[in-house]
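A.B. asks: Provided herewith is a single structure, encoded as structure tokens, for subsequent inquiry.
Please treat every number below as a calculation from the coordinates, not as lab data. Because the structure is a prediction, the values reported are computed rather than measured. When we count neighbours, we look across all protein chains shown, and the Cβ atoms used for this are built from the backbone with ideal geometry, even at glycine.
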Amino acid sequence: MGVAFPASGALTSKPNPAQVEQRLMHEMNSGPNGKITKSVNCLPASHTHFTCSLRSTRSTRLGARVTVSGGSLETVWQPISG
């Protein structure tokens, strides 16, 4: 089971996958550790739900289920693989 927490930043009520990818990339790389994520790929599950795969700068992968709610992201992280 993953951990859910809101990510900051407003999105439209019906974002496209590129907007969600850009927001996740920004969130992951704006912390005190600097750039930790190399790529983010998201596929829509519905208008407000996305399934995303993140690849770190060390080539580990992290899956996430993302819901856009109230202009922000609610993310449920899946276990790290790789």
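A.B. asks: Using only alpha-carbon positions, what ratio does the radius of gyration of region 4-81 give when scaled by 2.2 N^0.38 Å?
C.D. replies: Working: Rg = 11.6 Å, N = 78, 2.2 N^0.38 = 11.5 Å.
Compared with the compact-globule rule of thumb, region 4-81 sits at 1.01.
A.B. asks: Residue separation times 0.36 nm, minus the C-alpha to C-alpha distance between N41 and R55: what's the value? Don't jump to the answer; show the numbers that get you there.
C.D. replies: Working: separation 14, 0.36 × 14 = 5.04 nm, distance 0.88 nm.
Extending this stretch completely gives an extra 4.2 nm.
A.B. asks: Starting with the highest mean, order 61-67, 13-19 by the number of other Cβ atoms within 10 Å, averaged over the residues of each peptide. Before the final figure, lay out each step's value.
C.D. replies: Numbers: 61-67: 18.1, 13-19: 13.9.
So the order, starting with the most tightly packed, is 61-67, 13-19.
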